[in-house]
Amino acid sequence: MSRCAPGDLAIVVRAEIEANLGRIVRVLHLHDGRGDLVLRHAGDAVWWVEAAAPLTWARNGQRICRTNGPVPDGYLMPIKGDGADDAESLDVDQLATAQAS
């Protein structure tokens, strides 16, 4: 069972590249396994996420930095508020600004 769902805000709590740890992302949809940045993770759903500032992936010995891409469900911890509307009222750009300060 997945911990995240589309629309969730989540914190990256596990990562192959340390710079991604602690980053806040918005979960968009399940990764369809296609595209130039493909990630398969045995036994774990893989989500397509977006972040306010670029995340980093390693592919064929090169680093790829962009604001959206695949992340395994087990690498994310959803941010759950007290009310159902809490996540909707938070903006990824606002969180990135707060995270940078």
ask   = Among the residues of the range 40-54, is any outside any loop (DSSP other than H, G, I, E, B) and charged (D, E, K, R)?
value = yes
message = Between a residue in the range 57-84 that is modelled with pLDDT of 95 or more and any residue that is assigned to a helix (DSSP H, G or I) and surrounded by 12 or more Cβ atoms within 10 Å (Cβ to Cβ), which pairs come within a Cβ distance under 7 Å, given they are 6 or more apart or on different chains?
response = ILE79/ALA87
ask   = Which residues, taken from the range 20-57, are under 14 Å from LEU76 (Cβ atoms) and among the β-branched types (Val, Ile, Thr)?
value = ILE24, VAL25, VAL27, VAL46, VAL49
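Hey, among ALA15, ALA96, ALA45, which residue is modelled with pLDDT under 90, surrounded by 12 or more Cβ atoms within 10 Å (Cβ to Cβ) and not aromatic (Phe, Trp, Tyr)?
ALA96
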remark   = Checked against (1) loosely packed, with under 12 Cβ neighbours inside 10 Å; (2) in a helix (DSSP H, G or I); (3) at pLDDT 95 or above, GLY22 satisfies every condition except (2)
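The values are calculated or read from the model by the stated rules, or taken from the named source; none is laboratory data. Only a predicted model underlies this, so the values are computations on that prediction, with no experimental measurement involved. With ideal geometry, Cβ positions are generated from the backbone for all residues, glycine too; neighbour counts draw on all protein chains shown.
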